[in-house]
Amino acid sequence: VSEEKIILPEASGAADAPGAADNEVKPFRIEGEMEAMDVRGRAVRLGTVADQILSAHDYPERVAHVVGEVLALTALLGSMLKFEGSLTIQAKAAGAITLLVADYHSPGELRAYAQYDAAAVSALGEGATMTEIFGDGFLAMTIDQGADMERYQGIVELEGKDLSDCAENYFQSSEQTPSAVRLAASKNPLTGHWRAGGIMVQHLAQGDDGGDRMPGKDRKEAWQRAKILLGSVRQQELLDPALELNELLYRLYHEDGVRVFRPIHMVRGCRCSREKLGAVIANFSSGDIAEMAEDGKIKMTCEFCNKVFEFEV
Ligand SMILES: [Zn+2]
């Protein structure tokens with residue numbers, strides 16, 4: 001795959017309107033002197049895409065916040081798929097949020113939904129941790145790239161302060177790729193619109209990225225530096241429509257140098273259809289169907305997009 005390369009800061013187009021680069025994932029690489037730091041990353045901003053997905057449901061703010069963050073994470077990870085396919089992140093738990101599902105379908109379709117216990121959600125304190133929000137549970141990531149590729153699934157316990165922590169644990173245990181992740185989501189109090197964003201950096205195995213190699217000690221230091229700099233990013237910076245991602249990446253990594261690759265565009269997408277939901281109904285017995293029907297009709301709602309399909313029975 002040949003990707004157009006843009007070297008910062010010249011590329012941060014002043015002509016771009018604020019928020020013009022929303023709904024994009026930007027792959028980047030931290031260059032270092034020898035182009036051999038082996039640190040690559042991805043940054044994402046979701047504006048209207050996050051808002052449309054979240055506003056299809058009437059979630060309590062706490063729940064919408066987690067769904068917004070998982071959307072940013074799903075965009076970061078899904079956009080790494082090398083072949084056409086899908087990536088699904090699913091959290092199952094017994095706490096205030098009982099189910100969280102988000103998926104990415106190439107070339108950039110995102111969708112997500114959550115199920116929750118309303119009373120438990122409203123009882124959550126300020127700054128509740130992942131463990132407090134979800135209780136005991138697991139986060140699973142599934143990659144499906146079609147019949148020719150083996151389906152892959154990794155699972156990690158839902159632990160830590162927030163979803164960023166949980167994602168880092170996941171990479172540590174399932175992928176053995178040292179990774180650092182920062183995610184954010186928030187609702188504009190004036191407009192009521194949601195935004196989500198995130199940045200992930202990963203330390204590649206030596207030699208994965210081509211080029212001359214650095215001595216081991218320098219590689220380690222370079223990775224530590226990349227991680228610490230990511231840790232310094234503020235939630236507001238991850239979300240601010242007036243701060244272009246290119247500018248933010250430059251702000252974080254200008255000392256080593258950062259190279260940004262062609263962005264991947266994100267859209268809200270759902271793959272529900274009359275046929276699929278009809279097939280679900282067809283699996284029920286005629287007795288069950290009669291019980292489900294009201295005035296000779298069965299209504300099925302897509303949990304992702306909340307679209308209602310009506311079937312006559
Ligand atoms: Zn749908």
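No value in this document is a laboratory result; all are computed from the given coordinates. Predicted model only: the values in this text are computed from it and were never measured. With ideal geometry, Cβ positions are generated from the backbone for all residues, glycine too; neighbour counts draw on all protein chains shown.
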Discussion item. Could you check the spin-label model distance between V313 and M80? Points 7 Å from the Cα along Cα→Cβ, value in nm.
Written reply: 4.4 nm
Response to the item:
Taking a ≥ b ≥ c as the square roots of the Cα gyration tensor eigenvalues, with a/c under 1.5 meaning rounded and otherwise prolate when a/b beats b/c or oblate if not, region 45-106 comes out oblate
Fill in: Cysteines not pairable in the chain (beta carbon separation under 4.7 Å absent)
C166
Worksheet item: Between E294, E221, E244, which gets the highest mean-square fluctuation from a Gaussian network model of the chain, Cα cutoff 10 Å?
Response: E294
Worksheet entry | Within straight-line cross-link reach of K26, lysines at Cα separation under 29 Å, skipping those fewer than 8 residues along the same chain | K5, K82, K161, K187, K217, K220, K227
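What percent antiparallel are the DSSP beta bridges of the chain, to the nearest 5? Don't skip to the answer; put the middle values down first.
Numbers: 67 of 69 bridges.
Beta bridges within the chain, antiparallel portion: roughly 95 percent.
Checking the a/c ratio against 1.5 first, then a/b against b/c, what shape does the Cα gyration tensor give for region 130-174? Each step should come with its number before you reach the end.
On the way: a/c = 3.42, a/b = 2.44, b/c = 1.40.
Prolate is the answer for region 130-174, as a/c is 1.5 or above and a/b outweighs b/c.
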Item to complete: For region 191-313, report the convex hull volume of the alpha-carbon atoms normalised per residue, in Å³, without decimals.
Response: 211 Å³
Worksheet item: What's the percent breakdown of Cα-Cα distances in the chain across 10 Å bins, shortest bin first?
Response: 6, 25, 33, 23, 9, 3, 1, 0
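Please report the net charge: other residues with Cβ closer than 12 Å to the Cβ of A93, K and R +1, D and E -1. Don't skip to the end; give the middle numbers.
Values: positive: K92; negative: D117, E132, D136, E157, E159.
Net local charge, A93 excluded: -4.
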Worksheet item: Considering the alpha-carbon set of region 61-155 alone, what are its Rg and its Dmax in angstrom?
Response: 14.3, 47
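What FRET efficiency comes out for Q172 versus I289 if R0 is 45 angstrom and r is the Cβ-Cβ distance? Round to the nearest 0.05.
Rounded to the nearest 0.05, the efficiency is 0.45.
Grab the eigenvalues of the alpha-carbon gyration tensor for region 246-308, scale each by 5, take roots, and send me the semi-axes largest first in whole angstrom.
Details: eigenvalues 510, 22, 17 Å².
Output for region 246-308: semi-axes of 51, 11, 9 Å.
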